Amino acid sequence: MIAPARSPAPLVIHREDYRPPRFVVDAVDLDIQLDPELTQVRARLHLRRQSEADDQPLRLCGEGLALLEIRQDGQTLPKDQYRLEEGALLLLHPPRDFVLETLVQIRPIANTALSGLYFANGHFITQCEAEGFRRITYYLDRPDVLARFGVTLHAEQGPHPVLLANGNRIAAGQEAHGRHWVRWEDPFPKPCYLFALVAGDLGCVRDHFRTASGREVALEIYVEAHHLDACAQAMDALQRAMAWDERVYGREYDLDRYMIVATDTFNMGAMENKGLNIFNSKYVLARPETATDTDYQGIESVIAHEYFHNWTGNRVTLRDWFQLSLKEGLTVFRDQEFSADENSRGVQRIGDVRRLRAAQFPEDAGPLAHPVRPDAYIEINNFYTATVYEKGAEVVRMIHTVLGAAAFRQGMDLYFARHDGQAVTIEDFLAAMEGATGRDLAAFRLWYSQAGTPVVHAAGRYDPAQRRYSLTLRQEAAPTPGQPEKRPLPIPVRMALFSPAGQAMPLRGQEEDGAGDRERILMLDTAEQTWIFTEVSEPPIPSLLRGFSAPVRLEMGFGDAQRAFLASHDDDPFNRWEAMQGLALQALLAAIDQSHGAGVLPELLHGALAAVLSDAQMDPAYRAELLTLPSEDYVGEQMAVIDVEGIHCAREALRRAMGSAFGEQWAADYESLAFPYSRDGVSSGRRRLRNLALAYLLASDASYLDRTRQQYRQADNMTDHLAAFSLLVHQPDADVSDILADFYQRWQQHPLVIDKWFAIQASAPRPDTLAKAQALLQHPAFDWRTPNRVRALLGSLGANATVFHAADGSGYAFLAAQIRHLDELNPQIAARLATPLSRWQRYDAQRQGLMRQALEDLAGKANLSRDLGEVLEKSLKLA
Ligand code: TRP
Ligand code: ZN
């Protein structure tokens, strides 16, 4: 009998309903006969009752399993002692303490959802977070059940010479029919979501790391043999991450071996399985010819992220899935800080905030808004969101800001000391922070439970007679689904005051705590508050929310003069960038408002850009940030109704104007920044600035097409090659079919590069893009079963504003049709692709109607997955 994998009635899981497990698993022993068609999993679980005896059945989760045998303490269990239900095996009269042995059969080759055990490109791979283990065997599939795991893997030796699982390799041997086996045991008790196995024909890059206490750890990266030359960045990042966690948090690695496996077929970025991380190959493989500087950066941060999970996630794990941000928000904060220490802190912060604003702010303002610690869910896979990850990291960052680095570290030490080996809650984390520092974080808890992005309004007033400056901050927040009323949050506002000559002024007044004489952290924790600064000799220009000290929208009531002032004088790299962005944003909004292209550069913006362009001392990566216009999406976020066409035209016109106004400087930069390829931060910054210069030159002068084609042909690295390719393919009316064919021809053996080929075509702001995307669905290289490929084509199309939001609704209908198909194969990815449709409230009435129509059509689909069903239901509920 096969339990169905999909349940028809969506069940809402509530945080308040949490109950401790009635049974625990002391030990799990798995014996797995791997076969792509029919894999057999024999599981022996030592189960022990925790609660008072009751007559409730014991419910083990299981999905899509065919049960072949079931034994209790060695005896076949009679049929009247158990029952199979949808998604579960019920033991009707479980003893206090017993061994349950089950044998189930599964079909890895038919697993297109990529959750549980699947077979792709000749390899067996598992993905158990969040609830994939129940698709492997019957189990108490919840994160607060920690058990010791032992596993014996058997497989055909020829195609699957490498057999990996968590922990230590204990024994291995041959058996009949060309098969072999390997035994693995993990000494650390763990929840089943951290279980992993891999079987395949993989090569291995080996290195090692000596921990601070002198233990040797073997580091192994497993990839297909032809990728053995592409693991250097991953290995190097891993070693640096291990050293950083020792230096900054005093945390050492705990097993003798750390393994990483790369696969082309993976739903997410990577997974922190104990001792055996499994990675999307995008975050492992890199060579200068095939990977861009951005790709190298991504590898560094994801390798570090998964490594850091060994302490924040694995050694201390989650009580329940509502606590997801306890591991994800904290670990994102840790990987962001690692990248800031390893590279440029200012540039890192700008990138992190840009991502937060691009993904989390819109989520927080729409029908899928939820708190960092949600109260209810239908499908937990839908909650691996920008809010849980990125906003969660911002909340940890605010705690770090208000406590200071040293006290934060004491809090972390206490957190690990108290909770090592436990499954805990966000509350436990906060209690440890308080316990170690004596500080009261009661008010901060609201950041975890209240959804929505607060708006902070700032107003300053200078009194020359009294030489006083008063600053009033007021906060408000719009309602979110299920939370009509919002309470004031504690908002740390890092600030400084600048004299008209551009000097940060000494700060004197009622509040004396904070970060030194010329910078202070104001804690806005009521609806409105005023601060008074004394002995202020001249009218100051305030620099507020420095370093983006809280995840809020700041409304300053500034004019362009103040923005231009800060753009040239602010010594906080984030706020200087923010001031430049503000100038450009105002220019764009004004142009859209008057429905003319931003054909002329406003004088103050012109001056600020000229100053940056002539500052040769500045770090090129930072200079590139200052010279990059806000994205179309970010401009749209600032409008009451998003004017897709207006934004695109205004931004293109402004790019042209910037190109022609500074043609000579751009050309000079383009020539002078040409250096031989090297893989360091300064060189990648130069490439970034140089490619930005080329983009401006091409925007304003079509004769640069030839120069761009030349760069495409001659580049010796993927960053420059792809930058030129992208510029060419995104030209509104150039015929680039030769370039498209050439690129494909050159890179067809490299899936990660072919993903870029799909993505760049699908993001082209051209009238023929939709037809192109339609045709690409039929391309032999398009593959519905490979998430990277699906995201490259369909994810990029959904993010391509002018094409996706075409006024006739063709973009919506196209995407909906593909989601409908994908939902049959991979619900997790289908649900994610639907999120652009959930933002319908932000568009004009006609588009709203068309987007809702697309959502409703999808909602009427038969056999809708829980994942997609939840997204559709929430998107449509908000009338
Ligand atoms: N825990 C992983 C991380 O953030 C995320 C992840 C990987 C995941 N694979 C998944 C989440 C599958 C849900 C489903 O590092
Ligand atoms: Zn993570």
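All of L326, L368 fail the test of being open to solvent by less than 20 Å² (accessible area, probe 1.4 Å) and either in contact with a strand residue (DSSP E or B) (Cβ under 6 Å, 6 or more places away or on another chain) or more than 11 Å from ligand 1 (Cβ to nearest atom) (or both), apart from L326.
For region 559-582, the criterion of being out of contact with any Pro (no Cβ under 8 Å at 6 or more places or on another chain) and at positive phi is met by none of the residues.
Might you check whether a residue that is in contact with a helix residue (DSSP H, G or I) (Cβ under 8 Å, 6 or more places away or on another chain), more than 28 Å from A386 (Cα to Cα) and not basic (K, R) occurs anywhere in region 222-233? Spell out the reasoning first.
Step one: list which residues in region 222-233 are in contact with a helix residue (DSSP H, G or I) (Cβ under 8 Å, 6 or more places away or on another chain), which gives 223, 227, 233.
Going one step further and asking which of them are more than 28 Å from A386 (Cα to Cα), we end up with 223, 227.
When the remaining residues are screened for being not basic (K, R), the result is 223, 227.
Yes - at least one qualifying residue is present in region 222-233.
Selection of region 298-325 for residues being among the polar types (S, T, N, Q) and over 13 Å from the mean Cα position of the chain (by Cα) yields N310, T312, N314, T317, Q323.
Screening L68 with (1) within 37 Å of the chain's Cα centre (by Cα); (2) under 30 Å from V162 (Cβ atoms) gives one miss only, at (1).
Need at least 2 residues that are within 16 Å of ligand 2 (Cβ to nearest atom) per element, so show me which helices (runs of 4 or more DSSP H) inside region 323-379 make the cut, counting only ones lying wholly within it. Give the steps one after another, and end with the answer.
Values: elements: 324-342, 345-355, 361-364.
Qualifying helices (runs of 4 or more DSSP H): 324-342, 345-355.
Exactly one residue out of E300, E289, E216, E252 is out of contact with any strand residue (DSSP E or B) (no Cβ under 7 Å at 6 or more places or on another chain) and over 24 Å from R334 (Cβ atoms), and it is E289. Can you say whether G435 is in contact (Cβ under 8 Å) with a residue 60 or more places away in the chain and either under 14 Å from S325 (Cβ atoms) or of a type outside the set (D, E, K, R) (or both), as far as the supplied structure shows? For G435, the condition - in contact (Cβ under 8 Å) with a residue 60 or more places away in the chain and either under 14 Å from S325 (Cβ atoms) or of a type outside the set (D, E, K, R) (or both) - is not met.
Considered as a group, the residues in region 453-482 that are touching a helix residue (DSSP H, G or I) at 6+ places or on another chain (Cβ under 9 Å) and surrounded by 18 or more Cβ atoms within 10 Å (Cβ to Cβ) include one that is nearest to I426 (Cα to Cα), and that residue is T453. Applying a threshold of 6 Å to beta carbon distances and a minimum spacing of six or more residues, or different chains, the list of pairs starting in region 830-845 at a residue that is of a type in the set (D, E, K, R) and ending at one that is modelled with pLDDT of 95 or more and open to solvent by 50 Å² or more (accessible area, probe 1.4 Å) reads D844/V641. Listed by first and then second residue, the pairs with beta-carbon distance under 8 Å, at least 6 apart or on different chains, first residue in region 680-705 and free of Cβ contacts under 8 Å to residues at least 60 places away in the same chain, second among the β-branched types (V, I, T) and assigned to a helix (DSSP H, G or I), are N691/T719; L694/T708; L698/T708.
Across region 576-628, the qualifying residues are those that are open to solvent by less than 30 Å² (accessible area, probe 1.4 Å) and among the β-branched types (V, I, T), and the one among them that is farthest from L694 (Cα to Cα) is I592. Flag: A286 does not match the condition of being within 26 Å of F725 (Cα to Cα), of a type in the set (G, A, S) and open to solvent by 20 Å² or more (accessible area, probe 1.4 Å). Taking region 105-131 as the range and being among the hydrophobic types (A, V, I, L, M, F, W, C), outside any strand (DSSP E or B) and buried (at least 17 other Cβ atoms within 10 Å of the Cβ) as the test, the residues that pass are A113, L114, C128, A130. Quick one: in region 558-589, of everything that is in contact with a Gly (Cβ under 8 Å, 6 or more places away or on another chain) and polar (S, T, N, Q), which residue is modelled with the lowest pLDDT? Across region 558-589, the extreme among qualifying residues is S568.
Under the condition of being assigned to a strand (DSSP E or B) and not aromatic (F, W, Y), the residues counted in region 132-170 number 16. Among the residues of region 310-351, those that are under 30 Å from R546 (Cα atoms) and either at pLDDT below 95 or among the aromatic types (F, W, Y) (or both) comprise F333, F338.
Say we look at region 329-350 and pick out the residues that are small (G, A, S) and closer than 17 Å to I303 by Cβ; which of these is farthest from ligand 1 (Cβ to nearest atom)? Step through it out loud before you land on a result.
To start, the set of residues in region 329-350 that are small (G, A, S) comprises 329, 339-340, 344, 346.
Retained after the next criterion (residues that are closer than 17 Å to I303 by Cβ): 339-340.
Details: S339: 15, A340: 19 Å.
Once the filter is applied, the top-ranked residue is A340.
Taking every residue in region 270-289 that is in contact (Cβ under 8 Å) with a residue 40 or more places away in the chain and pairing it with any residue that is basic (K, R) and near ligand 1 (Cβ under 9 Å from one of its atoms), at least 6 positions away or on another chain, the pairs with Cβ-Cβ distances below 9 Å are E272/K327.
Would you mind listing the strands (runs of 3 or more DSSP E) fully within region 444-517 where at least 3 residues are of a type in the set (G, A, S) and over 24 Å from F533 (Cα atoms)?
Filter on region 444-517 gives an empty set.
Among the criteria (1) more than 16 Å from ligand 2 (Cβ to nearest atom); (2) surrounded by fewer than 17 Cβ atoms within 10 Å (Cβ to Cβ); (3) under 30 Å from R791 (Cα atoms), the one G269 does not fulfil is (1).
Condition check ((1) at pLDDT 95 or above; (2) buried (at least 18 other Cβ atoms within 10 Å of the Cβ); (3) not basic (K, R)) across all residues:
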{"site": "E216", "(1), (2), (3)": "yes, no, yes"}
{"site": "L238", "(1), (2), (3)": "yes, yes, yes"}
{"site": "R247", "(1), (2), (3)": "yes, no, no"}
{"site": "E252", "(1), (2), (3)": "yes, no, yes"}
{"site": "M259", "(1), (2), (3)": "yes, yes, yes"}
{"site": "G275", "(1), (2), (3)": "yes, yes, yes"}
{"site": "F279", "(1), (2), (3)": "yes, yes, yes"}
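Within region 301-311, the residues that satisfy the criterion of being of a type outside the set (A, V, I, L, M), open to solvent by less than 10 Å² (accessible area, probe 1.4 Å) and more than 9 Å from ligand 2 (Cβ to nearest atom) are Y307, N310.
For region 141-195, enumerate the residues that are hydroxyl-bearing (S, T, Y) and either open to solvent by less than 10 Å² (accessible area, probe 1.4 Å) or without any contact (Cβ under 8 Å) to a residue 40 or more places away in the chain (or both). Let's see the steps before the verdict.
Filtering region 141-195 for residues hydroxyl-bearing (S, T, Y) gives 152, 193.
Scanning region 141-195 gives a single hit, Y193.
Considering only region 368-386, state which residues are farther than 12 Å from W321 by Cα and touching a Lys or Arg at 6+ places or on another chain (Cβ under 7 Å). Give the steps one after another, and end with the answer.
Here is the first cut: in region 368-386, the ones farther than 12 Å from W321 by Cα are 368-371, 385-386.
Correct list: L368 only.
For region 28-48, check the following and say yes or no: at least one residue is in contact with a His (Cβ under 8 Å, 6 or more places away or on another chain), small (G, A, S), in contact (Cβ under 8 Å) with a residue 60 or more places away in the chain and part of a strand (DSSP E or B). So far as region 28-48 goes, no, none of its residues is in contact with a His (Cβ under 8 Å, 6 or more places away or on another chain), small (G, A, S), in contact (Cβ under 8 Å) with a residue 60 or more places away in the chain and part of a strand (DSSP E or B).
The values are calculated or read from the model by the stated rules, or taken from the named source; none is laboratory data. Because the structure is predicted, anything quoted here is derived from the model rather than measured. Glycine also receives a Cβ, built like all others from the backbone with ideal geometry; neighbour counts cover every protein chain displayed. Accessible surface areas use protein heavy atoms only, side chains included; no ligands, DNA or RNA. Shrake-Rupley method; radii C 1.70, N 1.55, O 1.52, S 1.80 Å.
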